[in-house]
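For reference, the structure discussed in these notes is given below.
The values are calculated or read from the model by the stated rules, or taken from the named source; none is laboratory data. Remember, predicted model here, so these are calculated numbers, not experimental data. Heads up, the Cβs are rebuilt from the backbone with ideal geometry, glycines too, and the neighbour counts pull from every protein chain shown. Only protein heavy atoms, including side chains, enter the accessible area calculation; ligands, DNA and RNA are left aside. Shrake-Rupley method; radii C 1.70, N 1.55, O 1.52, S 1.80 Å.
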Amino acid sequence: VLGNASTVIFNLYKLGYQKKDQCCYMLSYECHKAAEDQKLDPRSSARIISRNKNLGIEEYKFLLKTTVSSGIGEETYIPKNIMEGREESATLMDEISEMDGILFDTVDKLFAKTGVSPSEINIIVSSVSLFSPAPSLTARVINRYKMREDIKAFNLSGMGCSASAVAIDLVKQLFKTYKNSFAIVMSTESMSSHWYPGKDKSMMLSNILFRTGSCSILLTNNRDWKNKALMELTCSVRTHIGSNDEAYNSCFQAEDDLGINGFRLNKDLPKAGAKALTMNLRVLLPKVIPLSEVLRYRISYYRNKIMKRPTPKDAGPGLDLKSGIDHFCVHPGWRAIIDGAGQSLALNDYDLEPARMALYRFGNTSSGGLWYVLGYMEAKKRLKKGDKILMISLGAGFKCNNCVWKVMKDLEDTNVWKNCTDQYPTKTLANSS
């Protein structure tokens, strides 16, 4: 009996020690802001639209109407080859040049800001859905910065807009094995050869929404760097509902009736997003919401069930999310996605402002999008020491990957919002294009 008791005590102590030893600190993050000659102003947008000879009157009307109501502004960025009129004849070099320019820019800034040397990086992860060259994107970065021979490199593809959260969770898991390590996560999307020149309305949406952007993040589990960290990852939950056919097909790369490649966003997307988000939060929220609030919700839920009271449609999740969360970093994928998340979680305009402004200023930058939202919060000096941030990401598959960060110090870097912070929030989200 004593032997069994000592074994149990030892295992509990070991588990507690391992949990205490696990940590994931964010030292810095750097978003990409493209050059001015890549800015898609109304004149450039009209010129690109007019080049598509496959569009009829109905397609033009749909495109213009959807653009105006999309929540996308008039200062987003697109790849150079599209600005130059080569969207239908993009080359491999166009794609490589696009990726090199984006990734090297953000990684350069990470090293310059933190003082960490490329030779100190132990893990590197890229999350780019639509471009998987050989050598890989991580290999190109390793070669440029002459990183160490034992570096662990991972390339995530086909995972859509929520790939950055997947990459963060991957690093978190790797940190359990590799102690006192540094990791870089690079999140972006290749657009140079994926501009859709067809007339399928569900595929034309990608041209309206997706824009050039990226973010690279530097992480560590070395506790000696705790005082220099911006944030600490406290929780991450990944949900995948790809077994559901409707959800699986809601975001899909395919060919249209004319044989033109594109990315289809169909009518099942909002439903798939809501389902995946609900399932994810059922696991995540009990980990971050105070026990007192969970008990209050349970009591209220069963009381209403016994008394057969109907639940109002705009009641939100029922739990007071703000009892455990201070800020909501919603994926800036589309105006309808942001509004839908706000309604589902009972968030107000202040909560949704960062996502709406990131979408308006930079567009949907795929897996890099969450970091433009975070950058807005920081530029507006919202993030104070001890605050908790819930990052909500949705992506093809279909999946929902969410995580919670704890702010380690008051943050106020203006990052990519420099020189324009005072212009936001805008009075209108309409696009005059």
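Residues in region 47-99 that are surrounded by 12 or more Cβ atoms within 10 Å (Cβ to Cβ), of a type in the set (A, V, I, L, M, F, W, C) and assigned to a helix (DSSP H, G or I): I48, I49, F62, L63, L64, V68, I82, M83, I96, M99. Scanning region 176-201 for residues that are in contact (Cβ under 8 Å) with a residue 40 or more places away in the chain, over 24 Å from the mean Cα position of the chain (by Cα) and not in a helix (DSSP H, G or I) yields Y178, K179, N180, P197, G198, K199, D200. Going by the conditions given, is F328 in contact (Cβ under 8 Å) with a residue 40 or more places away in the chain, over 24 Å from S192 (Cα atoms) and not assigned by the TED database to the domain that holds T66? Yes: the conditions hold for F328. The residue that is surrounded by the most Cβ atoms within 10 Å (Cβ to Cβ), among those in region 154-175 that are assigned to a loop (DSSP other than H, G, I, E, B) and modelled with pLDDT under 95, is M159.
This table checks each residue for (1) open to solvent by 70 Å² or more (accessible area, probe 1.4 Å); (2) under 30 Å from N81 (Cα atoms); (3) outside the structural domain of I121 (by the TED database); (4) more than 16 Å from the chain's Cα centre (by Cα).
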residue	(1), (2), (3), (4)
M203	no, yes, no, yes
N207	no, yes, no, yes
R211	no, yes, no, no
C215	no, yes, no, no
V237	no, no, yes, no
S243	yes, no, yes, yes
S250	no, yes, yes, yes
Q253	yes, yes, yes, yes
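The number of residues in region 245-255 that are closer than 20 Å to F131 by Cα and of a type in the set (D, E) comes to 1. Looking across region 332-386, the residues that are of a type in the set (S, T, N, Q) and open to solvent by 20 Å² or more (accessible area, probe 1.4 Å) come down to Q343, S344, N348.
Could you list, in sequence order, all residues of region 140-152 that are buried (at least 16 other Cβ atoms within 10 Å of the Cβ), out of contact with any Phe, Trp or Tyr (no Cβ under 9 Å at 6 or more places or on another chain) and not in a loop (DSSP other than H, G, I, E, B)? Of everything in region 140-152, just one residue is buried (at least 16 other Cβ atoms within 10 Å of the Cβ), out of contact with any Phe, Trp or Tyr (no Cβ under 9 Å at 6 or more places or on another chain) and not in a loop (DSSP other than H, G, I, E, B), namely I142. Might you check whether a residue that is at pLDDT below 90 and crowded, with 16+ Cβ neighbours inside 10 Å occurs anywhere in region 397-419? Checking region 397-419: at least one residue is at pLDDT below 90 and crowded, with 16+ Cβ neighbours inside 10 Å.
Residues that are in contact with a Lys or Arg (Cβ under 8 Å, 6 or more places away or on another chain) and more than 29 Å from S157 (Cβ to Cβ) occur at least once in region 371-383. Scanning region 111-134 for residues that are open to solvent by less than 10 Å² (accessible area, probe 1.4 Å) and within 15 Å of G368 (Cα to Cα) yields a count of 4.
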